[in-house]
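Written below as structure tokens is the structure these notes are about.
FYI, it's all coordinate maths here, none of it is from the lab. Source: prediction; values computed, not measured. Glycine also receives a Cβ, built like all others from the backbone with ideal geometry; neighbour counts cover every protein chain displayed.
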Amino acid sequence: MKKTTATLSELIHAASEVAFACSENEQEAYHMTQQALIEFIRNLPQDMDFSDYSEVHLFSDRYVH
């Protein structure tokens, strides 16, 4: 898998930019952004090594709903 230098916030920003440009309303844009990010996460490699990100807090104490 090719590594990317994009941060999660950059990916969210890019997904929302496209969604708002392609949608008819705000609600639809949020839904499109959500679906794009779900698919991105779903397609991450199962054996992804997070050791390179030891100083980044990937998971908080809160659950994502």
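Side notes on the structure shown:
- A Förster radius of 22 Å, combined with the Cβ-Cβ distance separating GLN34 from THR5, puts the computed FRET efficiency at roughly 0.40.
- FRET efficiency for the pair ARG42 and ALA21, taken as 1/(1 + (r/R0)^6) with r the Cβ-Cβ distance and R0 = 25 Å, rounds to 0.60.
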